[in-house]
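The next block holds one structure in the form of structure tokens; read it before the comments.
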Amino acid sequence: GQVVVIVGYFRDWRWVRNLAFRVCHVLTIGVVVVQAWADQICPLTIWENSLRNAAGDPAYARSFIEHWVGRLVYYNAPQWVFTVAYSLFGALVLFSWIWIKPERKSSQTPQAPGRQK
């Protein structure tokens, strides 16, 4: 979502300023940050692990993100590294809320009757 907001800002995509989209995005990232600080695994990872176990596959030993970042980077970082990364990303999301302000409605002026697209 954050990449789309920033790219959309530079490409002048009006929908990235949609208030509902931005509220959902900031709340979702807020949940991730709070979970990281509380040392909790994401509920989606817990659900995926239960589905993996039901299918007879091994579950992740850590969170989904830790698992795949570790596989991509080949480095097992301690939990505090992910907490800091999530917190910095959360700060970026909040900063973009100020930088790329969401709007309640489109700021486009309505077209005169008969000039509809």
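FYI, it's all coordinate maths here, none of it is from the lab. Here the structure is a predicted model, which is why all the values come from computation and not from measurement.
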Can you list, bin by bin at 10 Å, the percent of alpha carbon pairs in the stretch 27-68, starting at 0? 29, 50, 19, 2
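For the stretch 1-101, which semi-axes, largest first and in whole Å, follow from the square roots of 5 times the eigenvalues of its Cα gyration tensor?
29, 16, 13
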